[in-house]
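The values are calculated or read from the model by the stated rules, or taken from the named source; none is laboratory data. Just so it is clear, the model here is predicted, and its values are computed rather than measured. Cβ placement follows ideal geometry from the backbone for every residue including glycine, while neighbour counts extend to all protein chains displayed. The area values use the complete protein model at the heavy-atom level, side chains included, leaving out ligands, DNA and RNA. Shrake-Rupley method; radii C 1.70, N 1.55, O 1.52, S 1.80 Å.
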Amino acid sequence: MKLYTVEYRGETLVCLETGPESLTPLPYADMTELLRQEESTRQETLVRAMAQPRGLPLAEVRVLAPIPNPAQDVICLGMNYQKHKTEAEQFDAQAFTREKGSAVYFSKRATHCPGPGDPIPGHFDIVDSLDYETELAVVLGKDAVNVAEEDAFDYVFGYTVVNDVSARNLQTGHKQWYFGKGLDGFTPMGPCIVTRDEFAQPPAQPIRTWINGELRQEAVTDELIFGVAHILHELSQGMTLRAGTVIATGTPAGVGMGFDPPKFLRHGDVVRCEIEGIGVLENTVD
């Protein structure tokens, strides 16, 4: 199943794709309400919508980020593909070298997430090295605490695409990542959430990024150093992850700082992020 948040005739709707390019509105104020509903009740609502489709054409709506205003910051993993870890360390060893064997977690401020077609603010008054990072994001469908690794996927509602936009000068200059990755508009998300049953566990989907038509990143999402089950098990030990939590699992090699010389984003650049089976998230740098 694919779920969207859309704007239609001035109203924001949570919708289920119930046919080719066709949506059925659901009785939720927003996606977070859907994700926090009791699992069996939510499933009944989705099954009923599939059986009684409304047929709102996808072409007639404006697709927003599936979770435009997350209730909490997005949780992210740093350097979770081996080749990206290498390119990051080569760019700035002091800022990016981490102990072996430990995942790098950080929180990404996401007051509002741009959706497909929305601009990415460059903040060029304080940013001189704007970068992109296409990532598979896990969306939780129930509260998770002290989760066993073998049970981890029971807590996953689905997956979406996130662009972990990054200001490298702020990220490296402050010796921590919150400021450089948390500026307004730095968490584009979309186009939809695809439920976990559509994929293998863990998902093994091709992931790619194009900048102005140039292919920059290409990998498969099961190449993570620390996989989805490990992440949910480790993070939930002593920390409650609420339903609706979004976890961005890391980006492959090919980000702007990985080139020599670096290929950072400029005003007007078109960033196209794709994960097969989920869709395309395309934004232009403002």
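When the convex hull of the C-alpha atoms of the stretch 63-217 is computed, what volume per residue in Å³ does it have?
Cα-based convex hull of the stretch 63-217, divided per residue, equals 138 Å³.
To the nearest 500 deg cm²/dmol, what mean residue ellipticity at 222 nm is calculated for the chain from DSSP H runs of n ≥ 4 alone, each contributing -39,500 (n - 2.57), summed and divided by the residues?
After summing the helix terms and dividing by residue count, I get -4500 deg cm²/dmol.
Less than 13 Å Cβ to Cβ from V161, Lys/Arg counted +1 and Asp/Glu -1: what total charge do the surrounding residues give?
-3
Would you tally the net charge around P68, using a Cβ to Cβ cut-off of less than 12 Å, leaving P68 out, and scoring K and R as +1, D and E as -1?
-2
If I fit a long axis through the Cα atoms of helix 39-51 and take the longest principal axis of the Cα atoms of the chain, what angle between them do I get, 0 to 90°, rounded to 10?
Value to nearest ten degrees: 70.
Show me the ranking of peptides 261-272, 42-53, 72-83, 243-254 by mean Cβ neighbours inside 10 Å, starting with the highest.
Highest-to-lowest ranking by the protection proxy: 243-254, 72-83, 261-272, 42-53.
What pairs from K83/K108; K142/K263; K83/K181 go past 31 Å between their alpha carbons?
With Cα atoms farther than 31 Å apart: K142/K263.
What accessible area per residue, rounded to a whole number of Å², is obtained for the chain using a probe radius of 1.4 Å?
42 Å²
Give me the percent of the accessible area of the chain that comes from carbon and sulfur atoms, probe 1.4 Å, all protein chains in place.
48 percent
What is the sum of charges, Lys and Arg at +1 and Asp and Glu at -1, for the other residues whose Cβ falls under 13 Å from the Cβ of V47?
-1
Kirkwood Rh, Cα Rg: Rg to Rh for the stretch 99-183?
1.03
Taking a ≥ b ≥ c as the square roots of the eigenvalues of the Cα gyration tensor of the stretch 174-271, is the shape rounded (a/c under 1.5), prolate (a/b larger than b/c) or oblate?
Taking the square roots of the gyration eigenvalues as a ≥ b ≥ c, the stretch 174-271 is prolate.
Quick check: convex hull of the Cα atoms in the stretch 136-185, volume per residue, rounded to a whole Å³?
That works out to 125 Å³ per residue.
When a/c reaches 1.5 or more, the comparison of a/b and b/c decides; with that in mind, is the stretch 1-108 rounded, prolate or oblate per its Cα gyration tensor?
The shape class here is prolate.
Rounded to the nearest 0.05, what FRET efficiency do E234 and F259 give with R0 = 35 Å and r taken as the Cβ-Cβ distance? Could you check?
Calculated value: 0.65.
Taking each pair of distinct Cα atoms in the chain once, what is the resulting Kirkwood hydrodynamic radius in Å?
19.0 Å
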